[in-house]
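What follows is a set of notes on a single structure, which appears directly below.
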Amino acid sequence: MSFLLQFLLSLITFFGWFTAAVAYGLVPTTLSHILLAVPFVIVLIFVLAFVMFYFMGVRQLVVNVMHGLQTSNREQLGQFFSCSDEEIPKDLTPYLSKLNRFYYVVNQAKRKSIPWCILILILGILAFLLGAAHHTQVVDKSIHLGVVIGYLVASTLGWVWMMKYLREANKTLRQVKELFGLKSNQM
């Protein structure tokens, strides 16, 4: 899932720069940047929503596993370990200490990535709306241009940070699965 989200983030970052290049006439095409902006904003909203839900979901998975391990019910512990009830370890302290470290990593990834997503969403939608306002001659072109440049800078910087944290969250998710002897396609 992380690789799909990395691809989609790269796609919308490229598509944003491509739309700006079309607006300036740097790319020879018959399409107007206005026609490109409409599907771009729709895709932008969905991709960034997927990214935010991914970070929230990975964090919540680690939290659920931590809470599940803290219960003393052996039947519930059996769902985490890929072994029989007799083979479940009596001392779960090493597992909880590793999960605390994993929780820190995924919580930091969520806290660092979601603000970038929100900033990019706000600037992208605002640039789109101000473009429509400029087209109807309600606002000056410089206002629309300023927000577009802000969006391009934020999306590029956000892309760098979100790529980093998507890799870290994916790595941590795999480590959580390895901790309990699960395959990558399980859980």
**OP:** Rank by packing, highest mean first: peptides 4-10, 47-53, with packing defined as the count of other Cβ atoms within 10 Å averaged across residues.
**Re:** 47-53, 4-10
Subject >> Per residue accessible area in Å² of the chain, where ligands, DNA and RNA are left out and the probe is 1.4 Å >> reply: 58 Å²
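Can you compute the helix-only [θ] at 222 nm over the chain? Use -39500 (n - 2.57) per DSSP H run of at least 4 residues, normalise by all residues, nearest 500 deg cm²/dmol.
-28000 deg cm²/dmol
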**OP:** Heavy atoms only, probe 1.4 Å: what % of the accessible area of region 135-187 goes to carbon and sulfur, would you let me know?
**Re:** 60 percent
Subject >> Listed peptides 168-175, 27-34 by packing density, highest first (mean Cβ within 10 Å) >> reply: 168-175, 27-34
Original post:
Taking a spot 7 Å from the Cα of residue 145 along the direction of its beta carbon, which residues of region 124-139 have an amide N less than 18 Å from it?
Top reply: 127-139
Original post:
Hey, in the GNM for the chain with a 10 angstrom Cα cutoff, which one of 114, 143, 12 fluctuates hardest?
Top reply: 143
Subject >> Cα-Cα over 30 Å, subset of 112/141; 112/177; 90/164 >> reply: 112/141; 90/164
**OP:** Output the relative contact order of the chain, whole-number percent, from Cα pairs under 8 angstrom with separation of 6+ residues.
**Re:** 28 percent
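The values are calculated or read from the model by the stated rules, or taken from the named source; none is laboratory data. Please read all numbers here as calculations on a predicted model, not as lab measurements. Backbone-built Cβ (ideal geometry, glycine too); neighbour counts: all protein chains shown. To get the accessible areas, we keep the full protein, side chains included, count just its heavy atoms, and leave off ligands, DNA and RNA. Shrake-Rupley method; radii C 1.70, N 1.55, O 1.52, S 1.80 Å.
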